[in-house]
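The values are calculated or read from the model by the stated rules, or taken from the named source; none is laboratory data. Just so we're clear, the structure is a prediction, and the values are computed from it rather than from any experiment. We place every Cβ from the backbone using ideal geometry, glycine too, and count neighbours over all the protein chains shown.
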Amino acid sequence: METLKKRSKNSNILRTAALYVILALIATFIFFTFLQPQKVAEQKDLSEVLTLVKEQKVKDIVVDGNNVIATLKDGLIIKATKEEGISFSEILKDSDIGPTSVKWGVKNNDITKTITNLLVTFLPVLIIVGFFLFFLRQAKMTGDNLLSFSRSRARVFNKDKPGIKFTEVAGVEEAKTELREVVDFLKHPEKFRALGAKIPKGVLLVGPSGVGKTLLARAVAGEAEVPFFSIAGSEFMEMLVGVGASRARDLFENAKKNAPSIIFIDEIDSIGRQRGLGIGGGHDEREQTLNQILTEMDGFEQNDNVIVIAATNRPDMLDPALVRPGRFDRRVSLDLPDIEGRKAIIKIHSRNKPLSGDVDVEKLAKRTVGFSGADLENMLNEAAIIAARRNKKEVDNKDLEEAAIKVQLGPEKKRITSEDEKKITAYHEAGHALVTKMLPHMDPVHRISIVARGMTGGHTIIPPSTDRYNETKTRLLETITSLLGGRAAEEIEFNEFTVGAASDIQQATDIARRMVTEFGMGALGPQATGVRGENPWLARELGDPKPLSESLASKVDAEVGKIINDSFTKAKKILKENKEKLDLVANELLQKETLEGDEFEEIVERGEKLHQMKDQIGETSPKEEEKVPKTEV
């Protein structure tokens, strides 16, 4: 490889030098032919020049071929032409002028004529040869490009380059434990072979986006100190037929030559989808590429220390032949980090960021339930940017809170809105918050704001108080009720609906439909009536029977509608019973625009006291007195 690089470098130097030489020759030719400075001279007869010489008015004479150029003592330059074949000394002698009467000389044009003749002779040849070389080089590059289509586009990280280690990856402790065995095999394969053990040929990393699948694969290569071939699944595919399979062959050949090594295929679902899945069959080129990968993985020999690591967030779409034992033997699941994982991730990404003393990492980890590792890294970076924009020396809690909201909802927008729109938004967000507060199983409200962010006019943040890996029917129904609290507040206060509840309605409908079709929490009982991740009413293949009959689909729609309507009725009932609190929260939002969780709790307590005072002050109504039986005398 080094010899090829040196040859290529020397070839480039020679081509550059030849180009400079040709350019220098062309410049010289142009200079001597066209750009040589010429003195302006007045044309005279030779006899007049000789007369001026006799009168001692000529300073000097230069003979340039047949041209006689005389410079007079007053600075005037005159020019005459002599006969060819007669020297200027003979002319002076014939005119009775002594050779020493005037200073004269002959200009030597031999070098100029030689250069001019050479350029006139060889320059056209050099230009023609240069054009031929240029076209040949272009043709060769075109041929190389055509041949390079079949070569692997994998990026290689050599073992001599410093890589990341497991200490720089946090929040995936169980996955690191699984992959340490892979590292141990790459470092000490003889220990496993002595006991007849076989290391997994493939390791499939499964998890949502941003949890660190690619980072973990690079950490494996860094720990094992072996070459790491990284490629995305989509890079196998090209316009030409057969290119994907050829690239797969080339990738595995290079990995075997550099064994022990690691091949990392990111987003393998782009080429590893189940064959035959889709309307009208599959993509032939993609299936050929998948077949080649299957053959390469299953054809490994035991002494080929090449391990394939692949990452995907759609494991349900992979072909069964790809994930069977013998190819991807081991499946490592990565989840969103728990509180301890988030603390470790925050500490890693805040190493070079000065945090103020009031920043509590544990509190920040509790605030960011549901954040992935990528979200946490982005949050800390945004917090540092916000602090720098505010000319701070340290990142404090306000910067981190602003960054967390920015990651979730987007940047703050300074919109000019009317008082009516602000009032509607205030009651909408107050409805969300108050309904959430009154539901016993919902998490506490963290922040309410009527400041526009992203595509929303306001927001109510209700982060999970703890890491949950399961949900109950009660909590899901309360979540739907909370989502519909904004629409319920609009109807109660304004007797009107706005388009601001569109996103809430969509989320509530999605939850209700999954409760019925996937979780078996509806009146239809514990039966799955939909295909997860797909539209349950579309056939998987052209001609396949639909998974739902029309009558069952109608029942599903009716049950989803019942859940939504019941939850909406419940939200309206809660807000009507707590109308004083709703007004207090909305009015406070109109004044401050943003309320933190403790401020919201204080307003609700104030509203509760106000409600109790009204109940105590109120007397028995006349209607109630009429219901009391009167004593007859």
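For this structure, a couple of remarks:
- Tabulated pairs, the range 208-223, first at positive phi and surrounded by fewer than 24 Cβ atoms within 10 Å (Cβ to Cβ), second in a helix (DSSP H, G or I) and not hydroxyl-bearing (Ser, Thr, Tyr), C-beta under 7 angstrom, 6+ apart or interchain: 210/373; 210/374; 210/375
- Residues of the range 372-390 that turn out to be part of a loop (DSSP other than H, G, I, E, B) and either under 22 Å from residue 451 (Cα atoms) or modelled with pLDDT of 90 or more (or both), as a count: 1
- Answer residue from the range 367-403, given it is of a type in the set (Gly, Ala, Ser) and free of Cβ contacts under 8 Å to residues at least 40 places away in the same chain and is nearest to residue 594 (Cα to Cα) among those: 403
- Residues of the range 573-583 classified as crowded, with 20+ Cβ neighbours inside 10 Å and more than 12 Å from residue 437 (Cβ to Cβ), total: 0
- Within the range 163-173, the set of residues being without any contact (Cβ under 8 Å) to a residue 60 or more places away in the chain and either buried (at least 22 other Cβ atoms within 10 Å of the Cβ) or not polar (S, T, N, Q) (or both) comprises 164, 165, 166, 169.
- Residue 80 modelled with pLDDT of 75 or more and small (Gly, Ala, Ser): yes
- Total residues in the range 50-71, condition closer than 21 Å to residue 96 by Cβ and of a type outside the set (Val, Ile, Thr): 9
- Restricting the first member to the range 414-427 and to residues that are in a helix (DSSP H, G or I), and the second to residues that are exposed (fewer than 13 other Cβ atoms within 10 Å of the Cβ), no beta-carbon pair is closer than 6 Å while six or more apart or on different chains.
- Taking every residue in the range 472-492 that is farther than 16 Å from residue 522 by Cα and pairing it with any residue that is of a type in the set (Phe, Trp, Tyr) and part of a helix (DSSP H, G or I), at least 6 positions away or on another chain, the pairs with Cβ-Cβ distances below 6 Å are 484/568; 489/427.
- Output for the range 495-506, where each listed residue is assigned to a helix (DSSP H, G or I) and under 16 Å from residue 429 (Cα atoms): 499, 500, 501, 502, 503, 504, 505
- Counting only residues that are part of a helix (DSSP H, G or I), touching a residue at least 24 places away in the same chain (Cβ under 8 Å) and surrounded by 15 or more Cβ atoms within 10 Å (Cβ to Cβ), the range 340-366 holds 10 of them.
- Residue in the range 315-325 that is in contact with an Asp or Glu (Cβ under 6 Å, 6 or more places away or on another chain) and in a loop (DSSP other than H, G, I, E, B) present: no
- Top-ranked residue in the range 476-506 [being among the small types (Gly, Ala, Ser) and farther than 14 Å from residue 433 by Cβ; ranked as surrounded by the most Cβ atoms within 10 Å (Cβ to Cβ)]: 501
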